[in-house]
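The next block holds one structure in the form of structure tokens; read it before the comments.
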Ligand code: NI
């Protein structure tokens, strides 16, 4: 992935409180060079973080594109790039701790389906259906929530949410000083 000939770039990952993270992202109508480039950059950014998933709004692009790789680059076959992903079936409930690159160092228990079926397009425009369970199902739900302007902390109690937002506000002010 560190080929000097390509021009992939690491992008800045937005943090909680940034307005782009709260917006509903637009469907992608054409898979052009811009979208392919965005996907490449998101993959590099996800691996560098390192993270197991990333959504376009986290890099300040409000378009419906997600990348997931539970192996974080160890297994090429684990990489999923999906355009306009939609959950068409969900089943079961699993409570597990979850985190997010946009909410660093915060891990909270979130209930997610045990199994989901996700439909979307791959980078060549082919329709894909993926059956996902457990961690992969969780990753899809988490990343698709980002496309709808939702963060995992939004499911927590109002008090917990307030404390988390306060913590990040403080951090930002410290950085600015
Ligand atoms: Ni996230």
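Out of curiosity, is residue 123 crowded, with 19+ Cβ neighbours inside 10 Å, closer than 24 Å to residue 60 by Cα and either touching a helix residue (DSSP H, G or I) at 6+ places or on another chain (Cβ under 7 Å) or at pLDDT 95 or above (or both)? Against the criterion (crowded, with 19+ Cβ neighbours inside 10 Å, closer than 24 Å to residue 60 by Cα and either touching a helix residue (DSSP H, G or I) at 6+ places or on another chain (Cβ under 7 Å) or at pLDDT 95 or above (or both)), residue 123 does not qualify. Please tell me if residue 102 is within 17 Å of residue 142 (Cβ to Cβ), touching a strand residue (DSSP E or B) at 6+ places or on another chain (Cβ under 7 Å) and in contact (Cβ under 8 Å) with a residue 12 or more places away in the chain. Judged against the criteria, residue 102 is not a match.
Within the bounds of segment 84-92, is there any residue that is out of contact with any strand residue (DSSP E or B) (no Cβ under 8 Å at 6 or more places or on another chain) and over 18 Å from residue 138 (Cβ atoms)? No, segment 84-92 contains no residue that is out of contact with any strand residue (DSSP E or B) (no Cβ under 8 Å at 6 or more places or on another chain) and over 18 Å from residue 138 (Cβ atoms).
Can you tell which of 13, 28 is away from the ligand (no atom under 16 Å from the Cβ), over 18 Å from residue 138 (Cα atoms) and assigned to a loop (DSSP other than H, G, I, E, B)?
28
For segment 132-158, the set of residues classified as assigned to a loop (DSSP other than H, G, I, E, B) and either within 15 Å of the ligand (Cβ to nearest atom) or under 21 Å from residue 62 (Cβ atoms) (or both) consists of 148, 149, 150, 151, 156, listed by residue number. Residues that are surrounded by 18 or more Cβ atoms within 10 Å (Cβ to Cβ) and either assigned to a helix (DSSP H, G or I) or touching a helix residue (DSSP H, G or I) at 6+ places or on another chain (Cβ under 8 Å) (or both) within segment 48-61 comprise 52, 53, 54, 55, 56, 57, 58, 59, 61, listed in sequence order. Condition check for residue 113 on (1) farther than 29 Å from residue 10 by Cα; (2) within 16 Å of the ligand (Cβ to nearest atom): one failure, at (2). Each residue in segment 39-54 was checked for being near the ligand (Cβ under 10 Å from one of its atoms) and in contact (Cβ under 8 Å) with a residue 60 or more places away in the chain, and 3 pass.
Being more than 12 Å from the ligand (Cβ to nearest atom) and at pLDDT below 95 is a property that holds for residue 161.
Within segment 120-131, does at least one residue satisfy the condition of being away from the ligand (no atom under 13 Å from the Cβ), touching a strand residue (DSSP E or B) at 6+ places or on another chain (Cβ under 8 Å), touching a residue at least 24 places away in the same chain (Cβ under 8 Å) and closer than 17 Å to residue 51 by Cβ? No; the residues of segment 120-131 include none that is away from the ligand (no atom under 13 Å from the Cβ), touching a strand residue (DSSP E or B) at 6+ places or on another chain (Cβ under 8 Å), touching a residue at least 24 places away in the same chain (Cβ under 8 Å) and closer than 17 Å to residue 51 by Cβ.
Does residue 106 qualify as being modelled with pLDDT under 95, on the phi < 0 side of the Ramachandran plot and either within 16 Å of the ligand (Cβ to nearest atom) or out of contact with any helix residue (DSSP H, G or I) (no Cβ under 7 Å at 6 or more places or on another chain) (or both)? Criteria met by residue 106. Of the residues making up segment 55-102, those that are away from the ligand (no atom under 16 Å from the Cβ) and at positive phi number 3.
The values are calculated or read from the model by the stated rules, or taken from the named source; none is laboratory data. Worth saying up front: this structure is predicted, and the values here are computed from it rather than measured. Quick reminder, even Gly has a Cβ in these numbers, built from the backbone with ideal geometry, and neighbours come from all protein chains shown.
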